[in-house]
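Colleague: Once you've had a glance at the structure underneath, I'll fire off some questions.
The values are calculated or read from the model by the stated rules, or taken from the named source; none is laboratory data. Note that this is a predicted model, so its numbers are computed, not measured. Cβ placement follows ideal geometry from the backbone for every residue including glycine, while neighbour counts extend to all protein chains displayed. In case anyone asks, the SASA skips ligands and DNA or RNA and just uses the protein heavy atoms, side chains included. Shrake-Rupley method; radii C 1.70, N 1.55, O 1.52, S 1.80 Å.
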Amino acid sequence: MREEFGLDQEPTNGGEVLFERRGGAGVITLNRPAALNALNHRMIQALSRALSAWEEDEAVRFVVIKGEGRAFSAGGDIVDVYKAGRAGKASPDFFADEYRLNAHIARYGKPYVALIDGIAMGGGVGVSFHGSHRVMTENAVFAMPEVGIGFFPDVGGSHLLSRLGGYGMYLALTGNRIGWGDALRVGLATHALKSSDLPDLLERLAGADHPDDVLLSLAADVPAEGDEARFHAIDRHFTLGTLDDCLVSLQRAAEHEEDEFAREMLSTIRTRSPTSLHVAFRELCHGAMFSMDECMRMEFRILVRMLKNHDFYEGIRAALVDKTRDPSWKPASIEAVDPAAIDAFFAPLAEGELEL
């Protein structure tokens with residue numbers, strides 16, 4: 001049974017999100033394959049309406065979300081935000097609704113099963129990895145690459161990544177991608193499943209009272225892509241008290257131990273926005289002590305300031321608009337960032353905090 005939750009197009013006519021009932025499962029399909037299922041404001045609003053309706057509907061026992069095509073969701077439609085900002089019309093409204101949706105998913109009253117077959121980044125992470133069941137296939141790729149575009153790990157990244165210890169800090173500061181094995185090892189994924197088994201999974205879920213037994217019957221046991229030495233190195237360098245401590249640790253290992261991993265990580269981090277790196281480090285430190293709702297309010301404070309920050313627009317220009325891959329960050333170095341400027345990202349909002 002198809003349902004429609006306020007999108008401009010009817011689902012049967014190629015809507016951007018499809019909603020249907022399969023037995024006791026409410027199934028959501030992100031349906032912008034040509035855009036790698038990037039989320040826009042219409043989609044966020046429709047998802048919110050659907051989840052609220054299904055949470056109250058006793059006939060819906062749990063929710064399943066998946067993506068059409070070769071991606072789960074590559075993020076949000078950030079270029080639209082860039083264009084609005086350049087036109088002097090930057091608005092936090094899209095992000096406010098997105099953050100409310102992320103918080104709702106995290107506290108959802110029914111099982112929420114994300115089938116991640118393909119890339120999940122940024123906004124795609126926000127509508128999947130806060131759910132109770134995160135199922136990744138061999139095609140799945142997880143990343144929070146925001147520091148590379150002058151932004152910060154949002155959509156609940158401060159909550160999600162901070163609970164992974166040093167590994168979460170590593171993901172936040174490098175923006176590196178990982179697959180299903182590493183994600184399963186660190187707890188980002190709850191299950192691994194071969195993509196060829198997804199049709200069978202959906203069919204079985206339609207007749208299930210709860211997703212657990214079905215998932216356990218099909219789940220694959222997959223090894224981590226990284227070896228234990230790599231995980232040890234990540235813990236060594238990314239669990240220190242300050243961003244500077246992390247960088248010094250990597251620098252020493254690269255120079256004195258001729259550590260190729262440390263050299264590679266240091267090189268990667270040095271290409272990221274210095275301001276974003278400082279913000280990301282601090283938000284994860286705070287996020288480890290915060291609830292999901294508190295994290296979302298903190299992230300909204302950061303977001304409002306990011307929409308006025310040079311690096312956000314410069315990073316998107318270089319990565320997604322001109323595609324020159326040559327951002328000119330201001331300040332240009334990690335060492336040149338003023339701590340007071342970072343404090344300002346986290347200060348209370350005079351215009352009012354995010355309401356959840």
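Colleague: Which of the residues that make up region 192-230 are touching a strand residue (DSSP E or B) at 6+ places or on another chain (Cβ under 9 Å), of a type outside the set (A, V, I, L, M, F, W, C) and under 21 Å from Gly69 (Cα atoms)?
Modeller: Glu203
Colleague: Restricting the search to region 96-116, which residues are touching a Leu at 6+ places or on another chain (Cβ under 8 Å) and farther than 22 Å from Phe152 by Cα?
Modeller: Hits for region 96-116 are Tyr108, Val113, Leu115.
Colleague: Here's another thing I want to ask about it. If a residue has to be open to solvent by less than 70 Å² (accessible area, probe 1.4 Å), touching a helix residue (DSSP H, G or I) at 6+ places or on another chain (Cβ under 9 Å), part of a loop (DSSP other than H, G, I, E, B) and not aliphatic (A, V, I, L, M) to count, how many in region 309-356 make the cut?
Modeller: 9
Colleague: Is there any pair linking a residue in region 80-107 that is closer than 22 Å to Glu355 by Cβ to one that is crowded, with 22+ Cβ neighbours inside 10 Å and hydroxyl-bearing (Ser, Thr, Tyr), with Cβ under 7 Å and at least six apart or on different chains, and which?
Modeller: From region 80-107, the pairs are Ile105/Tyr112.
Colleague: While we're here: Would you please name the residue that is least open to solvent (accessible area, probe 1.4 Å), looking only at residues in region 89-131 that are aromatic (Phe, Trp, Tyr) and closer than 21 Å to Gly24 by Cβ?
Modeller: Here the residue is Tyr112.
Colleague: Does Ala74 count as open to solvent by 40 Å² or more (accessible area, probe 1.4 Å), at pLDDT 95 or above and of a type outside the set (S, T, N, Q)?
Modeller: In short, no.
Colleague: Quick check on region 220-232. Is at least one of its residues open to solvent by 10 Å² or more (accessible area, probe 1.4 Å), at pLDDT below 95, acidic (Asp, Glu) and closer than 30 Å to Tyr108 by Cα?
Modeller: yes
Colleague: Which of (1) open to solvent by 30 Å² or more (accessible area, probe 1.4 Å); (2) within 15 Å of Glu146 (Cβ to Cβ) does Met306 not meet, given it meets every other one?
Modeller: Answer for Met306: the failing condition is (1).
Colleague: Right, something else. From the list Asp311, Asp343, pick out the single residue that is under 12 Å from Phe152 (Cβ atoms) and among the acidic types (Asp, Glu).
Modeller: Asp311
Colleague: For residues that are closer than 24 Å to Ala74 by Cα and out of contact with any Cys (no Cβ under 7 Å at 6 or more places or on another chain), tally how many sit in region 279-292.
Modeller: Total meeting the criteria: 6.
Colleague: Working only within region 139-169, note down all residues that are surrounded by fewer than 24 Cβ atoms within 10 Å (Cβ to Cβ) and free of Cβ contacts under 8 Å to residues at least 60 places away in the same chain.
Modeller: The answer is Val141, Ala143, Pro145, Leu164.
Colleague: Further question: Looking for whichever is over 19 Å from the mean Cα position of the chain (by Cα), modelled with pLDDT under 90 and surrounded by fewer than 18 Cβ atoms within 10 Å (Cβ to Cβ) here; the options are Asp8, Asp80. Which one fits?
Modeller: Result of the check over Asp8, Asp80: Asp8.
Colleague: Something else: Restricting attention to region 116-153, report how many residues are under 18 Å from Leu47 (Cα atoms) and either under 12 Å from the mean Cα position of the chain (by Cα) or of a type outside the set (A, V, I, L, M, F, W, C) (or both).
Modeller: Number of matching residues: 15.
Colleague: Also, I was wondering about something else. When you scan region 259-277, how many residues do you find that are of a type in the set (A, V, I, L, M) and open to solvent by 10 Å² or more (accessible area, probe 1.4 Å)?
Modeller: 1
Colleague: Restricting to region 278-293, give me the number of residues that are buried (at least 21 other Cβ atoms within 10 Å of the Cβ) and of a type in the set (Asp, Glu).
Modeller: 1
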